[in-house]
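The values are calculated or read from the model by the stated rules, or taken from the named source; none is laboratory data. Bear in mind the structure is a predicted one, so any value in this text is a computation, not a measurement. Glycine gets a Cβ as well: all are built from the backbone with ideal geometry, and neighbour counts include every protein chain shown. Areas reflect the complete protein model, heavy atoms only, side chains present, ligands, DNA and RNA absent. Shrake-Rupley method; radii C 1.70, N 1.55, O 1.52, S 1.80 Å.
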Amino acid sequence: MAARPAAVGANDTLGFVFVNGMGYNASDGRYNQATDAGAAWTRWPMYWSQIETSPGSLGDAAYASVDTVVDRDRAHGLQINAILLGTPSWSSSAGSADIAMPQIGTRAVPLWYGLTMAQTSAATSTPLNLYRPVFNSDGSINQSNYWARFVYTTVNRYKDRIKHWEMWNEGDLSLFWTGSNADYKQLLKVGYLAAKRADPTATVLMSGLAYWEDPGFLPDVLNHILADGDAAANNHFFDVVPWHFYVNPEHNYNYPAWARSEMAARGLSKAVWVNETNVPACGDSQVSQPIGCRMPREWRGTQAEQASFIIQAIALARAAGVERIFGFQLVDDFLDVDGNVDWYGYVRNNGTRRPAWDAYKTAAEYLLPATTVQRFTTDTMDRVVFQGTAAGKVTVVWNRTPITRTELVPATTAEATRVDKAGATSTVSASGGAYSLTLPGATYLDWVSGGWDIGGDPYILVEAVQSTPTSRVDSLPSYTTGRSFTVRWRRTDTLPVSARFDIQYRVGDGSWTDWVANVSSTEATFGPASPVGVQEGNTYYFRSRARDNDGHVEPWPSGGCACDASIGVAYSLSGRVTNSRGSAVAGAQLQAGAAFTTLSGLNGDYQMSVYPGGVYALSAQRDGYGAVPQRNISIGSSLVYTWYVPPSANSVQNWGFEGNGGVGEWWSPGGNTTTSTSYVHSGGKAAKLGDTGYVGDSTLAQGELSVASGAAPTLAFIYSVLGTPAAGDRFTVQITEGSRSRTETVPTGPSVPWRLFWTDLGGFGAVALTLRFHQEGGSTARLFVDEVSVGQATSPAVYRTYLPIAAKGAPGGW
């Protein structure tokens, strides 16, 4: 018989209630008992009534004991399912402050099958002001909604250490909640909104449900949620439905399925947890008050039956799709109160371990995350099959009858490792495609149901087989310029079985969404409108999983982007390149950053694709023309941008206003003329003439500008008017050569985008230039000027050669 390891790694599906808690001060040894068993989670309450003992007292001192537990839980690697509950007396709407808040870990008698305990503690009542707004008009928490204030403050304090928050405990039991179901809906709503405001990544759990006292609680609360006009926009106020199931392991299978059906009937789909489950132990002589075991059993099982319960409950919960399962509870603790005793601990108060601890450890080691978990049942045997675990195929089997039976279990491999509930291993061989197992009979006959509710000792069969086909989506280009593209996928295994594929996509940081399901095809077109409208700037991620006809399903990729391939949809940057007279310039090189470049066409038009979005340095240049200062532009949509390339011999100094002196370098400013860095056409600066409310002339002048000889000497500049010109506003350009002067009026208008002004300077020699923007009273206009040039506007000479060249005349000569 093979020996088993002393400890297992944490199983992220499993946890314990009360590894530590407020007032516990658990030792490192106690933590080790939890982590050695394979637990990854702990669950414990934060009692509001013990934290905020007077209104608004939510400072560091109030949370001191909570801080200690949280820090120690995280230091030992445990994730926390925190429960918020317990109305302080100053906020209670009913009940008596003299009756203490019922404690989750202190139950005087069991509460199964409709047995209730009427409580009148003020801590179980609906908090005052619960129906007041959660937020103020500025978005802050409304301090007069006491529950909202407490939840927000607590979640905000621990948001980097706790991500899972349960809103009350067992709201369907009057032991813990004496408000109405409608009041609980409001408590859940307020708690959800406050928690998500403090930490948008938080997971909010509905109160753990006990079911027995009020089976209609969940449907009724769901109906109240659907009737709330804020629900649809807020995820219906919860992320997870948790359950508490005891004594009968099959409840861990049946009621999660029922809960899913109740949610589905209302158009909802939520995760399901079981964050309390166990059967208390009887017949244990090592405790302070031993309890004898009756037959039929009365809500308690032998230590051997408790160990069987653990494995059966976990296996059935996993088959029902339950995401997390918590054993209640790690240690017996305070359950021996007032002479009424129940021993739930996997570990006794003296630190010794019950067989249930070994069973839990066995479950943590072998009932690993799987691609599929399926239950197969007959009148005599239960079988739960885990496919695609890290260990291979894992099968849990147990006898449903009180008679020892030999059963055949389907085999995939010739041999398997058989593991009993204590973790002892042995090897079994298959014959005729099956393993023959002798299964002990059940010993737990329940006094209420009359059935053998806990099956006989379970066995776990581990077949080290890779029977699951694998796949991946082929790599895609980093970006595409179109709104549709082909996605291809393929198998990556060599198994001799046929396979089908599921493909999911994700847009950016959004949620994974099914695209194609259970198909044999290996490619499909994504976009332009299906399965979603493809938008520029978005990144689309894809992943695949394969499945065969026997139910083996490959897990989705994990880690990193959790994807196989991604592709971005590029933005379009387009426009035109012209000279200083607005004529097309062909062959100009346009560049965005270091990666994207193109040339302008014969009509000056250009187009390039840019991905991803962001700030890019744009530039344009052409031999024979002057260089334009690059422009830093934020690309978050497709843009049209026109470039004006200046003459190569531009006689204007500081023509783009990029000098250190701005308009004061080479230029003579007058009136209200300044440099603008917030509104420019290229480079980092432009001249600004006038301003809102300014009255009078704003001028900008530069003299001694030489006009190049030859054809078409030109004065040109780029300008834009923002704001609303008054009736008397005017923009003029004065060109002076000695006593000779010419003044031209430049068109203005409100919110005019950048445009080109040019005028012929033929006949002028050396000139002086004055730009004048006159503003009347009440004007809100501002005039921006950039890229001023004086020079030759014609493009470089273009020489054309016509081919072929034919020889004429006699052979050997022309």
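From the set of residues in the range 533-565 that are touching a residue at least 60 places away in the same chain (Cβ under 8 Å) and open to solvent by 40 Å² or more (accessible area, probe 1.4 Å), which is nearest to the chain's Cα centre (by Cα)?
PRO555
Quick one: which of THR714, THR673 is of a type in the set (S, T, N, Q), in contact with a helix residue (DSSP H, G or I) (Cβ under 7 Å, 6 or more places away or on another chain) and closer than 29 Å to GLY765 by Cβ?
Sole residue among the options that is of a type in the set (S, T, N, Q), in contact with a helix residue (DSSP H, G or I) (Cβ under 7 Å, 6 or more places away or on another chain) and closer than 29 Å to GLY765 by Cβ: THR673.
If you take the residues of the range 415-435 that are touching a strand residue (DSSP E or B) at 6+ places or on another chain (Cβ under 6 Å) and small (Gly, Ala, Ser), which of them is surrounded by the most Cβ atoms within 10 Å (Cβ to Cβ)?
ALA416
Hand me the list of strands (runs of 3 or more DSSP E) wholly inside the range 639-694 holding 1 or more residues that are open to solvent by less than 50 Å² (accessible area, probe 1.4 Å) and either under 19 Å from PHE757 (Cα atoms) or in contact with a Cys (Cβ under 6 Å, 6 or more places away or on another chain) (or both).
In the range 639-694, 686-689 are the strands (runs of 3 or more DSSP E) which contain 1 or more residues that are open to solvent by less than 50 Å² (accessible area, probe 1.4 Å) and either under 19 Å from PHE757 (Cα atoms) or in contact with a Cys (Cβ under 6 Å, 6 or more places away or on another chain) (or both).
Only residues in the range 144-164 that are part of a helix (DSSP H, G or I) count as the first member; pair them with residues that are buried (at least 24 other Cβ atoms within 10 Å of the Cβ) and of a type in the set (Val, Ile, Thr), Cβ under 6 angstrom, at least 6 apart or cross-chain, and list the lot.
So the pair list comes out as TRP147/VAL190; ALA148/VAL190.
Only one of TRP643, TRP667 is over 40 Å from the mean Cα position of the chain (by Cα), within 15 Å of LEU771 (Cβ to Cβ) and of a type in the set (Phe, Trp, Tyr); which?
Answer to the check: TRP667.
Listed here are the residues, each with its yes/no results for (1) out of contact with any Leu (no Cβ under 6 Å at 6 or more places or on another chain); (2) among the aromatic types (Phe, Trp, Tyr).
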| residue | (1), (2) |
| --- | --- |
| ALA210 | no, no |
| PHE217 | yes, yes |
| ILE225 | yes, no |
| ASP228 | yes, no |
| ASP239 | yes, no |
| PHE245 | yes, yes |
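Which pairs turn up if I take residues in the range 660-683 that are modelled with pLDDT under 90 and look for partners that are exposed (fewer than 15 other Cβ atoms within 10 Å of the Cβ) with beta carbon separation below 9 Å, at least 6 apart in sequence or on another chain?
From residues that are modelled with pLDDT under 90, the pairs are GLY662/THR677; GLU665/GLN653.
Which members of the range 605-619 meet the condition of being in contact with a Gly (Cβ under 9 Å, 6 or more places away or on another chain) and open to solvent by less than 20 Å² (accessible area, probe 1.4 Å)?
Scanning the range 605-619 gives TYR606, VAL610, LEU618.
Going residue by residue through the range 491-504, is there one that turns out to be open to solvent by 20 Å² or more (accessible area, probe 1.4 Å), on the phi > 0 side of the Ramachandran plot and outside any strand (DSSP E or B)?
No - not one qualifying residue is present in the range 491-504.
Run down THR154, THR124 and say which single residue is farther than 21 Å from ARG197 by Cα and either in contact with a Leu (Cβ under 9 Å, 6 or more places away or on another chain) or modelled with pLDDT under 95 (or both).
None of the others qualify; the one that does is THR124.
Being in contact with a strand residue (DSSP E or B) (Cβ under 8 Å, 6 or more places away or on another chain) and among the charged types (D, E, K, R) is the filter here; which residues of the range 659-708 pass it?
Within the range 659-708, LYS685, LYS688, ASP691, ASP697, GLU704 qualify.
Among the residues of the range 362-386, what is the count of those that are open to solvent by less than 10 Å² (accessible area, probe 1.4 Å) and either in contact with a His (Cβ under 7 Å, 6 or more places away or on another chain) or within 19 Å of THR413 (Cα to Cα) (or both)?
Residues that pass the stated criteria total 4.
Which fully enclosed strands (runs of 3 or more DSSP E) of the range 724-768 have 3 or more residues being surrounded by fewer than 12 Cβ atoms within 10 Å (Cβ to Cβ)?
Fully inside the range 724-768 and qualifying: 740-746.
I'd like to check something: does the range 285-299 contain any residue that is part of a strand (DSSP E or B) and either open to solvent by less than 20 Å² (accessible area, probe 1.4 Å) or of a type in the set (Ser, Thr, Tyr) (or both)?
no
Would you point out which residue out of GLY601, GLY582, GLY587, GLY568 is assigned to a strand (DSSP E or B) and either at pLDDT 90 or above or buried (at least 16 other Cβ atoms within 10 Å of the Cβ) (or both)?
When all the criteria are applied, what remains is GLY568.
Among the strands (runs of 3 or more DSSP E) lying completely within the range 304-399, list those that include at least 3 residues that are over 25 Å from VAL465 (Cβ atoms).
Per the criteria, 325-327.
Quick check on this structure: which one of LEU439, LEU408 is farther than 30 Å from GLU523 by Cβ, open to solvent by less than 60 Å² (accessible area, probe 1.4 Å), among the hydrophobic types (A, V, I, L, M, F, W, C) and at pLDDT 95 or above?
Only one candidate passes the filter, namely LEU439.
Is it the case that the range 60-71 has a residue that's under 30 Å from ALA182 (Cα atoms) and either modelled with pLDDT under 95 or open to solvent by 30 Å² or more (accessible area, probe 1.4 Å) (or both)?
no
Would you check which residues across the range 505-550 are among the β-branched types (Val, Ile, Thr), assigned to a loop (DSSP other than H, G, I, E, B) and farther than 30 Å from ASN235 by Cβ and list them?
The answer is THR522, and nothing else.
Count, please, the residues in the range 604-638 that happen to be part of a loop (DSSP other than H, G, I, E, B) and under 15 Å from ASN579 (Cβ atoms).
Residues meeting the conditions: 7.
So which residues in the range 475-490 are among the hydrophobic types (A, V, I, L, M, F, W, C) and either surrounded by 19 or more Cβ atoms within 10 Å (Cβ to Cβ) or modelled with pLDDT under 90 (or both), if there are any at all?
Residues satisfying the conditions are LEU476, VAL487, TRP489.
When the residues of the range 31-64 are narrowed to those that are outside any strand (DSSP E or B), touching a Gly at 6+ places or on another chain (Cβ under 8 Å) and not polar (S, T, N, Q), which ends up nearest to LEU187 (Cα to Cα)?
Checking each candidate, the answer is TRP48.
Pick out the one residue from ASP514, ASP509 that is at pLDDT below 90 and surrounded by fewer than 16 Cβ atoms within 10 Å (Cβ to Cβ).
Answer to the selection: ASP509.
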